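> Questions regarding the structure given below will be posed in turn.
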Amino acid sequence: MQTETPRRVLIIQLRRIGDVLLATPIFRALRAAWPAAEITLLVETPFEPVVRHNPHINRVISLPRKQSLRRDVKAILELRKEQFDLVIDLLGKPRTALWSRLTGAPRRIGFAAQGRCLFYTDAVTITDPLAYSACHKAELLKPLGIEIADWRLDLPVHASERLAALKALTTMKLPAHRRLVAIAPGSRRTDKLWMPECFAEVADRLANEHALTPLFVCGPGEEAQVAAVRNQMKSPSWFNANRPSLPQVQATLEQCALFVGNDTGLRHMAVAAGIPTVAIFGQPRPSNWTPPNDPRHQSLGADAKVRAVRDSSSDGRRCLSSITVESVLQAVRKALTIENQAAY
């Protein structure tokens with residue numbers, strides 16, 4: 001049903017890179033529906049660069065990654081002063097559900113998770129647990145009469161950041177007339193790490209069989225995981241060890257012809273960059289994190305029998321070990337074929 005246009009809207013999506021990116025179709029849909037509304041996003045400081053230049057958000061409030069109770073109370077009091085008409089809690093954690101209620105907003109929308117419904121005026125149940133995560137978030141707009149058909153992810157890059165990224169590529173002395181493949185073998189979680197020797201073989205074969213130049217990308221603290229792969233490769237590869245900013249990484253991805261990596265935020269950045277992607281999954285369901293109806297984005301996960309065992313942290317590694325180099329290369333060939341067909 002339609003709703004009265006709110007004057008001030010607060011969206012809560014504290015973390016992480018992928019989740020914030022998957023919320024960008026929401027920002028775009030709200031701006032299209034309510035051009036005059038003031039839309040504010042609450043996000044943790046490390047992930048603010050994802051939305052720093054998003055044209056559909058008026059203001060970003062960033063919070064430290066870890067806050068004391070005293071700072072939490074101060075933040076809540078500041079939010080109450082804003083007198084929001086509407087709060088949409090895209091994260092749906094107990095903390096953010098409580099914050100939604102404490103803002104004092106007359107309308108508050110969130111997921112109908114156990115113990116949190118009392119904090120919302122509209123508690124929404126996810127229709128299809130297997131659907132794309134961005135589709136789950138979009139269900140929170142249904143009480144507002146707003147629907148989404150465009151699942152593009154937005155990560156605008158300022159011209160200065162793009163220039164810095166291009167300068168870094170020049171400094172790295174990449175081969176002339178090269179086509180880059182971004183390789184992302186890292187993760188902050190060990191149960192998301194595909195084997196380094198497998199990544200090395202994939203990177204070598206992409207270089208030899210597809211004439212692609214391997215360019216490694218990673219998140220903070222994942223440099224050793226990149227080194228573990230590069231040390232096992234036979235082909236030359238490149239890596240910017242100067243810790244580029246998140247927007248600079250995004251600008252670098254825009255220069256690539258393909259992304260191959262683990263299930264991390266970098267994959268969603270590559271989707272936002274508009275390049276084909278191949279992602280390797282452990283326990284998480286690939287369907288939750290893969291754009292629907294776009295076969296340029298391939299995801300590989302364990303079969304149902306392997307995935308059925310879910311009772312220990314080693315299960316993700318077991319799922320990953322069942323994924324072969326050949327299956328990843330087959331997914332690469334499919335993604336590139338579809339991309340090439342679309343170009344004609």
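Please treat every number below as a calculation from the coordinates, not as lab data. Source: prediction; values computed, not measured. Using ideal geometry, Cβ is built from the backbone for each residue, glycine included, and neighbour counts are taken over all protein chains shown.
> When a/c reaches 1.5 or more, the comparison of a/b and b/c decides; with that in mind, is the chain rounded, prolate or oblate per its Cα gyration tensor?
Values: a/c = 1.90, a/b = 1.65, b/c = 1.15.
Since a/c reaches 1.5 and a/b is larger than b/c, the shape of the chain is classed as prolate.
> OK, next. Towards the positive end of the charge dipole of the chain, with charges on Cβ (+1 Lys, Arg; -1 Asp, Glu), say which of 279, 215, 120 has the farthest Cα.
Among 279, 215, 120, the one farthest towards the positive end of the dipole of the chain is 120.
> Now for a different question. How would you classify region 142-277 from its alpha-carbon gyration tensor, with a ≥ b ≥ c the square roots of the eigenvalues: rounded for a/c under 1.5, else prolate if a/b is greater than b/c, otherwise oblate?
Working: a/c = 1.79, a/b = 1.41, b/c = 1.27.
It is prolate, given that a/c is not under 1.5 and a/b is the larger ratio.
> What's the exposure ranking of 264, 127, 190, going from fewest to most Cβ atoms within 10 Å?
Values: 264 24, 127 10, 190 13.
By the 10 Å Cβ count, ascending, the order reads 127, 190, 264.
> Excluding residue 86 itself, calculate the net charge of residues whose Cβ lies under 12 Å from the Cβ of residue 86, where each Lys or Arg counts +1 and each Asp or Glu counts -1. Working shown, then result.
Values: positive: 7, 8, 107, 108; negative: 4, 38, 82, 85, 89, 122.
So the environment of residue 86 carries a net charge of -2.
> Another one. For region 8-144, what class follows from the C-alpha gyration tensor (a ≥ b ≥ c being the square roots of its eigenvalues): rounded when a/c is under 1.5, otherwise prolate if a/b is larger than b/c, else oblate? Please report the intermediate quantities before stating the final value.
Working: a/c = 1.26, a/b = 1.10, b/c = 1.15.
Rounded, because the longest to shortest axis ratio a/c is under 1.5.
> If we count other beta carbons within 10 Å of each Cβ, what is the order of 252, 213, fewest first?
Ascending number of Cβ neighbours within 10 Å: 213, 252.
> What lysines sit close enough to residue 74 to cross-link, taking a C-alpha to C-alpha distance under 18 Å and skipping anything fewer than 8 places away on the same chain?
66
> Please work out the C-alpha center-to-center distance from region 168-204 to region 70-118 and express it in whole Å.
Here the two parts' Cα centres lie 40 Å apart.
> How would 144, 118 line up from fewest to most surrounding beta-carbon atoms within 10 angstrom? Intermediate results must be reported in sequence, preceding the final value.
On the way: 144 23, 118 9.
Least to most surrounded, the residues fall as 118, 144.
> Can you pull the one-decimal nm distance between simple spin-label points at residue 80 and residue 5, each 7 Å off the Cα toward Cβ?
Label-label distance for residue 80 and residue 5, simple model: 3.1 nm.
> Could I ask something else about it? Points 7 angstrom from Cα along the Cβ direction at residue 168 and residue 338: gap in nanometres?
My value for the distance between the label points is 2.9 nm.
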